[in-house]
Structures are given as C-alpha cells and as structure tokens.
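Q: I have a structure here, written as structure tokens, and I will follow up with some questions on it.
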Amino acid sequence: MKILAYAEQRDGKFKKVAYEVVHAAHQAASQLGAELAALVVGKDVEGIAPELGAYGTKKVYVVQDDRLHYYSSTAYAKAVAAAVESTGSDILFLPATAMGKDLAARLSAKLGAGLAADCTQLRYDGGEIIATRPVYAGKALVDVRVNSTRKIFTLRPNVFSAGNPAMEKAAVEKVNVPLEDSDFASKVTSISTAKAGRPDLTEADIIISGGRGLGGPENFKMIEELADLLGAGVGASRAAVDAGWRPHEDQVGQTGKTVSPSLYVAVAISGAIQHLAGMSSSKYIVAINKDKEAPIFQVADYGIVGDAFEIVPELTLQLKKALGKE
Amino acid sequence: MKLFVCVNQVPDTETKVKVSPDGKTIDRSDVNLILNPYDEFAVEAALQLKEKFGGEVTYVSVGGDSNKEVIRKALAMGGDKGILIKTESTGDSYSVAKAIAEALKDSGADMIFFGKQSIDYDDASVGTMVAELLGLPSASVVVKLEVSQNVVTCEREIEGGKETVELTLPCVITAQKGLNEPRYPSLKGIMAAKSKPITEVTPAPIAPLAEVLEMRKPPAKQPGKILGTDKTAVPELIRLLHEEAKVI
C-alpha cells in the first residue's frame, strides 16, 4: 500500500498545514504498514522539497513547471493525478484549504476515488482508515470509511500535529507531466492579500472576535489592537457582518468559517447556535459579555460578565505590560 | 446563455442537531428545511447573467419530493424551470455529482452554478466534481464574477486573500457569501413559480464511494469559570491563560 501526501506551497514556501499533512500521513503509513511519499507541485519547488524529510517522509516527488506558479484547478489536478498513477499510490492526503479542497474534489472525480473531506481525526481499524469529520459546521461528527480502491482524505488545518521536526532530508524525484496550454482552462492570474500581517482565521492560533454588542464598526478598533498585540486573527459574528461592520470573510459560524484556534476570545457575542457551531472546537474559549445568560458562556472556559468597552482595553493594557510591549 | 443552478435542501442554521435512530443521519423531524444559504448567491448570480445576456435559468436538485420546495423557492426569485433528480438515499458527494453530471451532460450548459458548500455535510466538493466529470473548467468559493464574451474572470477566496481566476465558457462556478446580495422573492414571483415546470428524472442508482458509519454529537463542553463582572477580573484571566491554558 502506498500513501501520497500533497504538501501545499505558495510562492516557494510550504504552508504550515503541509507539515501537518505529511506528518499525519507518516503516522497513517506506520499504522497501516504502508509506504509514504510526499508530492510538491509548483514552479521551482525542487529546492524546498527535501525539508519535508523532517516530518517523516523519506521521498518527495516533484512536478514543476513555470506555468504552475499560480494554482490552476485543471492543470494541478492533471499533475497530481499523473503523480498518483505513476507512483501507484492508493491513498492521497491533502489539506482542507482553498487549494486542497478544490483539488481533492477534482481528483476524486478524475480518479474515481472516494473522498472524506475536512477530517479532524483519523483512526485505524483492521487496516482501514476511519476518518472523523464535523458536519453541520460541527454540530455533529461522523465517522467515514472510504470504500473505493483509491481513497482521498483532506485534513483540516490547525488540527493535526506536525510532530517534532527531525534532522532528516528527503530524497527528491521529479515526475515529468507534459502539460498542454489547454490544461490551463481555469487558471489563477494574480493573488491579492487582504490584511497584511494578520493571520487568516482558518490558520490563526489565536482569534479575537467581535459581535453585535460592539454597537458599530468603529469599535472593532479595540478588537484589532488586542489581536495585533497577540498576532491573532480578527473574527466577527454573522450579526456584525450582516450589519456591514466587517467583511464577510471575517465571519465565524455555520455560514462563515469554522475555526479551531488554541484560543478564541468572543467579545460582545451572545453565541447564537450558528456561531457556536463554527468555533466551539477551539481549544480554549474566553467570553466577554454583559449578559450573564448569553449562550456563549455555556461553551467558554473563562468568562467575564461585564462591559467589553471597559474590559478589552484593560486586557490589552495588562497584556502589553506582561509582554513587555508597553 | 444556458444557465443551470444546482440547489440543495438543508436544515436551517438554527437547527439543534439530533441524531436519528439509525445512528448515521440527523433526525429531520421538527427540522425546518431551507434552500442552502450559499445556493442563494448562486441563484442570484445566474439571474443577473440572464438579465444581462438573456437566456434561461434551470434549477437542478438531487433528492426526494421535498426538494421541489427549494426549486420552487429559487423559481420564486426568478428563472424558468426545474429538474428534480430523484434519489432514495443521500449517498456521498461523488454519487450526487455523478447524478448531476449525467443529467447535464447533453444540456448545452454555458455555466453551471453551485453554492460553495451545503451547510449540512460541508463537503464543499460537488460543484468541482461535476466540473471534472463534464470536463469543464471551474472556480470555487467565488466572491466576484464577470462574464465577457467567452471569458469568465472571477475572484475566489483563499486563506488571507483572493485569487483572480480566468476561465473559458462553458464552466462551473461555486458561490461564496459576498458574491452578491440575493434578491427576495416578490409576491408576483412566488405566484409565478407555482406554474413553472419541474421535470423529474430518475437516474440509475450510483454507488457512493464513502460511507458514514456513525453520527454522534460532539462531546458537550462543560461551562467554565466566571472570573468576575468588571475589569478587576482581567489579571486573573491573564494568569489562567498563561498558567492553566498555556495559550499566551
């Protein structure tokens, strides 16, 4: 049995989730007695490939082409499918990222491989992988088994451990995939990064979120100050987004992002069920709300029942002192 | 333009999920079923293109008779007709995508729209699978869309930014919140929808490739500590985050 781990890179740098995927695949390989290799697709990526050895793979296949600098749903899928075929891989792991989800869906259809998407846990039973994944934005969990010969699993970022990197370099082997211009029927032509310096919610280790109780967009300034102090992402409830105070990509919840940071601070968010669905898998939750009956306190590890306009600036001030950033 | 929008019926976001006695699906009794929220952006995108370029909008849904309700809901917003692909069981994303691809393979579609994911199984896969099965280019999680001549330019959301994607017609688009503001069905629209045709097709059964073995509720979280009612609680909060949770 052979396992192939897709290591996502952008601009010649691996994303953190690439290490998580390689390490999770490494653990799956040892549980199943399977052979492991990683796969990198992009432009000039041969040079970074060996570093994946630190996360448990001895071999890295590389598909590189100047036209693969940016993502192309069609061309990347062709490249990965060709690598799956030529390496005789049975199981493919990808990250459940914007790129990984798109690619996994194409590959599932292309290869006739069943897909377990956005998995948060893997266990092994009689030589099979049983994947746990949240559904209804985390209101329920399902255990899924893929029954096709080839199988695809996408792993939610920030959930699986990347392990302790070892001082190992992986051997690199190029896979030659001839790509035609017609393979780029859908292609990315440019990328714009929105919020310089602030991590994306699905990748952030800490998230500070604000809700309707803040009363207006200007009051998100104190949320941003606290977030920037901690290197955190800024989130919002649906109420705050629907009011036009924050862009929709900041929305946490069932019709927004599902997040699992180490620390989630909910400020002036009451905790509607659709919000709780998106954030209750956070490792630690802090709630600051003046309504002691607010449902957010039901999931919070630590709560302060009080006025956000008093507590948040104080928290920022005290943390600045503690972190020596006054 | 020949426009298709695939629409799904899902429990609304206020639903408190209960697992049904089969232990594999949710209990749909007492659950309010709605048009999948992301599909509303897909419907709106297709209607705007029809208004601009002319043509027709057809809605496609996979499921049982109750899925006609979401087709009617979409028809009330606008558009021309519906196709219900009747299936007994839900299957997986692959079997749903196969059924849609089979139904649309000779449709002459210029564009096929989906919501970026259904808020029940959250797979975010069916649209892109259909694209691959039909040999079409696609862009997923789209927040901006322009169609000019034969070229579609759109923006898709990625971690911490946006990608501009260029693709050629015919193509598949999956819509994300932010793409547009879906219109509300007018009373006239609701009345008109009642007489718009919905045809039914029954595909040969397609075996799913992935199987749900068990569904369960996540372990309930114990309510935590209330540390105080004003800013004097802040030092204790910082201490706990540092010493107990070890997150800062």
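The values are calculated or read from the model by the stated rules, or taken from the named source; none is laboratory data. Remember, it's a predicted structure, so these values are computed and weren't measured experimentally. Because the Cβ atoms are built from the backbone with ideal geometry, glycine has one as well, and the counts that use them run over all protein chains shown.
Q: Kindly indicate the residue of segment B:95-109 that is small (Gly, Ala, Ser), more than 9 Å from chain A (Cβ to nearest Cβ) and part of a helix (DSSP H, G or I) and also surrounded by the most Cβ atoms within 10 Å (Cβ to Cβ) among those meeting that condition.
A: We begin by selecting, within segment B:95-109, every residue small (Gly, Ala, Ser); these are B:95, B:97, B:99, B:101, B:103, B:107-109.
Adding the requirement that they be more than 9 Å from chain A (Cβ to nearest Cβ) leaves B:95, B:99, B:103, B:107-109.
Add one more test, that the residue is part of a helix (DSSP H, G or I), and what stays is B:95, B:99, B:103.
On the way: B:95: 23, B:99: 25, B:103: 19.
Result: B:99.
Q: Considering only segment B:116-168, state which residues are of a type in the set (Ser, Thr, Tyr) and at the interface with chain A (Cβ under 7 Å from one of its Cβ atoms).
A: Residues of segment B:116-168 of a type in the set (Ser, Thr, Tyr): B:118, B:121, B:125, B:128, B:138, B:140, B:148, B:153, B:164, B:168.
Within segment B:116-168, B:121, B:125, B:128, B:138, B:140, B:164, B:168 qualify.
Q: A further question follows. Among the residues of segment A:230-256, count how many are more than 17 Å from the chain's Cα centre (by Cα), within 14 Å of residue A:267 (Cβ to Cβ) and not hydroxyl-bearing (Ser, Thr, Tyr).
A: Total meeting the criteria: 6.
Q: Continuing with the same structure: Keeping to segment B:30-52, report how many residues are out of contact with any Lys or Arg (no Cβ under 7 Å at 6 or more places or on another chain), surrounded by 12 or more Cβ atoms within 10 Å (Cβ to Cβ) and of a type outside the set (Gly, Ala, Ser).
A: The first filter runs over segment B:30-52 and keeps only residues out of contact with any Lys or Arg (no Cβ under 7 Å at 6 or more places or on another chain), leaving B:30-34, B:36-37, B:39-40, B:42-43, B:45-52.
From what's left, surrounded by 12 or more Cβ atoms within 10 Å (Cβ to Cβ): B:31, B:33-34, B:36-37, B:39-40, B:42-43, B:45-50.
Narrowing the set further to residues that are of a type outside the set (Gly, Ala, Ser) leaves B:31, B:33-34, B:36-37, B:39-40, B:43, B:47-50.
Qualifying residue count for the region: 12.
Q: While we're here: Output the residues belonging to segment B:110-147 that are of a type in the set (D, E, K, R), in a loop (DSSP other than H, G, I, E, B) and surrounded by fewer than 24 Cβ atoms within 10 Å (Cβ to Cβ).
A: Within segment B:110-147, B:110, B:120, B:122 meet the criteria.
Q: Those residues that are part of a helix (DSSP H, G or I), of a type in the set (Gly, Ala, Ser) and closer than 23 Å to residue A:157 by Cα, I need them from segment A:221-241; list them, please. Explain how you work it out, then say what you get.
A: First, pick out the residues of segment A:221-241 that are part of a helix (DSSP H, G or I): A:221-230, A:238-241.
This time we only want the ones that are of a type in the set (Gly, Ala, Ser), so: A:227, A:239-240.
Result: A:227, single match.
Q: I'd like to verify a number: residues in segment B:13-54 that are of a type in the set (Asp, Glu) and within 9 Å of chain A (Cβ to nearest Cβ), how many?
A: Filtering segment B:13-54 down to residues of a type in the set (Asp, Glu) leaves B:14, B:22, B:27, B:30, B:39-40, B:44, B:51.
When the remaining residues are screened for being within 9 Å of chain A (Cβ to nearest Cβ), the result is B:14.
Qualifying residue count for the region: 1.
Q: Considering each of B:85, B:112 in turn, give the residue that is more than 27 Å from residue B:213 (Cα to Cα) and more than 11 Å from chain A (Cβ to nearest Cβ).
A: Details: B:85 fails: more than 27 Å from residue B:213 (Cα to Cα).
Result: B:112 is the single residue among B:85, B:112 that is more than 27 Å from residue B:213 (Cα to Cα) and more than 11 Å from chain A (Cβ to nearest Cβ).
Q: Only one of (1) away from chain B (no Cβ under 14 Å); (2) assigned to a helix (DSSP H, G or I) is not met by residue A:75, so which one is it?
A: (1)
Q: On the basis of being over 24 Å from the mean Cα position of the chain (by Cα), part of a helix (DSSP H, G or I) and surrounded by fewer than 23 Cβ atoms within 10 Å (Cβ to Cβ), does residue A:148 make the cut?
A: So residue A:148 does not fit the description; no.
Q: Okay, next question. Out of all the residues in segment A:199-220, which are surrounded by fewer than 24 Cβ atoms within 10 Å (Cβ to Cβ) and outside any loop (DSSP other than H, G, I, E, B)?
A: A:206, A:212, A:213, A:217, A:218, A:219, A:220
Q: Next question, about the same structure. Considering (1) farther than 29 Å from residue B:119 by Cβ; (2) within 9 Å of another protein chain (Cβ to nearest Cβ), say which one residue A:193 fails and leave the rest.
A: The single condition residue A:193 does not satisfy is (1).
Q: Restricting the search to segment B:177-189, which residues are assigned to a helix (DSSP H, G or I) and surrounded by 15 or more Cβ atoms within 10 Å (Cβ to Cβ)?
A: Taking segment B:177-189 as the starting set, the residues that turn out to be assigned to a helix (DSSP H, G or I) are B:187-189.
Passing the criteria: only B:189.
Here is a yes/no grid of residues against (1) charged (D, E, K, R); (2) out of contact with any Leu (no Cβ under 8 Å at 6 or more places or on another chain):
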| site | (1), (2) |
| --- | --- |
| B:70 | no, no |
| B:84 | no, yes |
| B:105 | yes, no |
| B:118 | no, yes |
| B:124 | no, yes |
| B:131 | no, yes |
| B:144 | yes, no |
| B:162 | yes, yes |
| B:174 | no, yes |
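Q: Mind listing whichever residues of segment A:78-114 are of a type in the set (A, V, I, L, M), over 23 Å from residue B:134 (Cα atoms) and assigned to a loop (DSSP other than H, G, I, E, B)?
A: A:96
Q: Being within 10 Å of chain B (Cβ to nearest Cβ) and either of a type in the set (A, V, I, L, M, F, W, C) or in contact with a strand residue (DSSP E or B) (Cβ under 6 Å, 6 or more places away or on another chain) (or both) narrows it down to one of A:269, A:311, A:223, so name that one.
A: It is A:311.
Q: Do any strands (runs of 3 or more DSSP E) lying entirely in segment A:151-198 carry at least 1 residues that are surrounded by fewer than 21 Cβ atoms within 10 Å (Cβ to Cβ) and either touching a Gly at 6+ places or on another chain (Cβ under 6 Å) or of a type outside the set (Gly, Ala, Ser) (or both), and which ones are they? Spell out the reasoning first.
A: Values: elements: A:151-155, A:171-174, A:186-193.
Hits in segment A:151-198: A:171-174, A:186-193.
Q: Right, here's the next one. Being assigned by TED's automatic domain parsing to the domain that holds residue A:27 and surrounded by fewer than 23 Cβ atoms within 10 Å (Cβ to Cβ) is the requirement here; does residue A:116 meet it? Spell out how you get there, then give the answer.
A: Working: assigned by TED's automatic domain parsing to the domain that holds residue A:27: yes; surrounded by fewer than 23 Cβ atoms within 10 Å (Cβ to Cβ): no.
Criteria not met by residue A:116.
Q: Restricting attention to segment B:130-152, which residues are in contact with a helix residue (DSSP H, G or I) (Cβ under 8 Å, 6 or more places away or on another chain) and among the acidic types (Asp, Glu)?
A: Correct list: B:132 only.
Q: From the list B:155, B:166, exactly one residue is under 19 Å from residue B:124 (Cα atoms) and buried (at least 17 other Cβ atoms within 10 Å of the Cβ). Which is it? Outline the logic, then answer.
A: Values: B:166 fails: under 19 Å from residue B:124 (Cα atoms).
Sole residue among the options that is under 19 Å from residue B:124 (Cα atoms) and buried (at least 17 other Cβ atoms within 10 Å of the Cβ): B:155.
Q: Ok, one more. Residues being crowded, with 24+ Cβ neighbours inside 10 Å, away from chain B (no Cβ under 11 Å) and of a type in the set (Gly, Ala, Ser): count how many of those fall in segment A:237-266.
A: Residues meeting the conditions: 3.
Q: Let me ask something else about it. Any chance segment B:36-46 includes a residue that's free of Cβ contacts under 8 Å to residues at least 40 places away in the same chain and part of a loop (DSSP other than H, G, I, E, B)? Working first, answer last.
A: Step one: of segment B:36-46, the residues free of Cβ contacts under 8 Å to residues at least 40 places away in the same chain are none.
No.
Q: I've got another one for you. Would you be able to say whether some residue in segment B:12-29 is free of Cβ contacts under 8 Å to residues at least 60 places away in the same chain, surrounded by 16 or more Cβ atoms within 10 Å (Cβ to Cβ) and within 18 Å of the chain's Cα centre (by Cα)?
A: yes
Q: So which strands (runs of 3 or more DSSP E) are wholly in segment B:197-248 and hold at least 1 residues that are within 7 Å of another protein chain (Cβ to nearest Cβ), modelled with pLDDT of 95 or more and closer than 30 Å to residue B:22 by Cβ?
A: Working: elements: B:198-201, B:210-216, B:225-228.
So the answer is B:210-216.
Q: Hey, among the residues in segment A:283-296 that are within 22 Å of residue B:248 (Cβ to Cβ) and surrounded by fewer than 24 Cβ atoms within 10 Å (Cβ to Cβ), which one's nearest to the other protein chains (Cβ to nearest Cβ)?
A: Let us first name the residues in segment A:283-296 that are within 22 Å of residue B:248 (Cβ to Cβ), namely A:283-289, A:296.
Adding the requirement that they be surrounded by fewer than 24 Cβ atoms within 10 Å (Cβ to Cβ) leaves A:283-284.
On the way: A:283: 7, A:284: 4 Å.
Here the residue is A:284.
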